[in-house]
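In what follows, a structure is listed as structure tokens, so that the remarks can point back to it.
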Amino acid sequence: DRDHMGNLQLLPPSLRFSGTIITSPYEDTAALRNCAAAWSSTLRFHTVAQGDTLALLDNVYVACLWPPRDSASNQWITDNFDKNRFSLCFKLVHGNTSVLITSDIDTIAAEKLTATYTRTLSSDIVVVPHHGSRGSLHARFYGYINPERAVISCGMHNPYGHPADDVVK
């Protein structure tokens, strides 16, 4: 969504980005290229889905927990689904510390993750889904994560009203 990629066009042309953008199979890479302006021709995409792992840094394990690669076989997908449902979700482990990064998943994705991973969702830190929106509350999901810390990624005074008071409480 624009709240995640909207400022790509503000990066200066002098930036010589040569990395790869990690995307889900459901990402609109053409929209990402359009937002990247002057350096869009250097973009490379690496698609990951549930079950894939990433080797980004030494001694850091990153597993993609969500979304499933093939949405066609899932009965819970409808024609008018919220594409946030297919946001990437990762479990990152470094030493004895684990972080669950949930992006913009919705409660349906949280329920599917809960049913699939149960106790293996347990993490020291969770990045709260969807900037702490009201729709990011899912008691069983957080019960299995049982984090010591929670991080809510959002800008102050954002037009969406994130995070919701109920989520912060």
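Some points to look at:
- Members of the stretch 55-71 found to be at pLDDT below 90 and farther than 20 Å from GLY95 by Cβ, listed by number: ARG69, ASP70, SER71
- Tabulated pairs, the stretch 138-165, first surrounded by 11 or more Cβ atoms within 10 Å (Cβ to Cβ), second in a loop (DSSP other than H, G, I, E, B) and among the acidic types (Asp, Glu), C-beta under 8 angstrom, 6+ apart or interchain: PRO147/ASP124
- Here GLU111 meets each of (1) buried (at least 16 other Cβ atoms within 10 Å of the Cβ); (2) in a helix (DSSP H, G or I); (3) within 16 Å of the chain's Cα centre (by Cα); (4) not basic (Lys, Arg) with one exception, condition (1).
- Taken over the stretch 18-56, the criterion of being more than 29 Å from THR120 (Cβ to Cβ), among the hydroxyl-bearing types (Ser, Thr, Tyr) and either open to solvent by 60 Å² or more (accessible area, probe 1.4 Å) or in contact with a Phe, Trp or Tyr (Cβ under 7 Å, 6 or more places away or on another chain) (or both) is satisfied by SER18, THR29, SER41, THR42.
- Scanning the stretch 114-137 for residues that are open to solvent by 50 Å² or more (accessible area, probe 1.4 Å), at pLDDT below 90 and not basic (Lys, Arg) yields a count of 1.
- Taking the criterion of being under 16 Å from CYS89 (Cα atoms) and hydrophobic (A, V, I, L, M, F, W, C), the residues of the stretch 138-169 that qualify are PHE141, ILE145, ALA150, VAL151, ILE152.
- Residues of the stretch 115-136 classified as outside any helix (DSSP H, G or I), under 21 Å from PRO159 (Cβ atoms) and over 13 Å from the mean Cα position of the chain (by Cα), total: 1
- Among the residues making up the stretch 84-108, those that are part of a helix (DSSP H, G or I) and under 12 Å from the mean Cα position of the chain (by Cα) are ASN84, ARG85, PHE86.
- Qualifying residue in the stretch 27-42 (condition: touching a helix residue (DSSP H, G or I) at 6+ places or on another chain (Cβ under 9 Å) and at pLDDT 85 or above): no
- Of the residues making up the stretch 92-108, those that are crowded, with 22+ Cβ neighbours inside 10 Å and over 22 Å from HIS157 (Cβ atoms) number 3.
The values are calculated or read from the model by the stated rules, or taken from the named source; none is laboratory data. For clarity, every value in this text was computed on a predicted model and none was experimentally measured. For neighbour counting, all protein chains shown are included, and Cβ atoms are generated from backbone atoms with ideal geometry for every residue, glycine included. Only protein heavy atoms, including side chains, enter the accessible area calculation; ligands, DNA and RNA are left aside. Shrake-Rupley method; radii C 1.70, N 1.55, O 1.52, S 1.80 Å.
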